[in-house]
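Before any comments, here is the structure.
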Amino acid sequence: MTFEADERGAKKRDYWWTVLFTDPIAIPLSRFLAKKRWLTPDQVTIVALILGILVGVLFATGERWGLIAGGVTFYAAFIVDCVDGKLARALGVTSARGEHLDALADGGRRASASLGIGILLWGEDPILWVLIYVVLAYYFLEISGAEKGQSGSGLGGKWSQALAKRRLLPNPGMPDVQAIVFILGPITGLVVPALWLGIAMVTVAILMTIRRRWAAGGRS
């Protein structure tokens, strides 16, 4: 699904982690690359994919430095992944091939990070939490963002309208969950608490989406 972008190439409404912690870096970086033309959008996506795969390797080391490096690398991969779309729009070279490659980078990063965390926790009960998170994350990935363009969606019209002025969506999304589970948790060393919080956020988001769709079905 493609969402309307503003003059900077950023989506007019997006999730909190993207708006507050990613776009401030991704937007100027995409402008710089558009001016210099050192890389094509597809090449940027490939860089994001390579960084994303590296995340799992770093997490799997089980070392403190590996967790920190993995969290930082995941953050960098997500920023680069956001740059490719903005760069493509800036250069006017969007394509179906680029969208498929972008989806591969997204999925590769999440799969690698999840596998790395799974290996880190292998042999312990928390491995079950990883599996639960992956299943929930996949489900939410398939249905999240469907109402991004609607200002009245989420927790309520007034709340949503107020957040819309700052480009923020009212409901949590995958970027927010990923930031907690794969960036903040590993960097702080609080891997398991972050995983629990991520599971809770995904669960809440699923319930919100079901409630919204149920209400929409009742009005039809």
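Quick note: the coordinates plus some simple rules give every number you see, no bench work behind them. Just so it is clear, the model here is predicted, and its values are computed rather than measured. All Cβ positions, even for glycine, are placed from backbone atoms using ideal geometry, and neighbour counts span all protein chains on display.
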Check which residues have an amide H placed less than 5 Å from L168's amide H, if you skip close sequence neighbours.
D14
What is the Cα centroid distance between the stretch 46-77 and the stretch 156-214, reported in whole angstrom?
22 Å
HN-Hα couplings for the stretch 32-40 via Karplus (6.51, -1.76, 1.60; θ = phi - 60°), in whole Hz with x for Gly/Pro, come out as 4, 5, 5, 6, 7, 6, 6, 10, 7
Inter-label distance for I206 and V192, nm, one decimal - labels placed 7 Å from Cα along Cα-to-Cβ:
2.2 nm
At a Förster radius of 30 Å, what calculated FRET efficiency corresponds to the Cβ-Cβ distance of I68 and W122, to the nearest 0.05?
0.90
On the formula 1/(1 + (r/R0)^6), with r taken between the Cβ atoms of A162 and R213 and R0 of 35 Å, the FRET efficiency rounded to 0.05 is 0.90
If you count, for each residue, the other Cβ atoms within 10 Å and average over each peptide, how do 67-73, 178-184, 31-37 line up from highest to lowest?
178-184, 67-73, 31-37
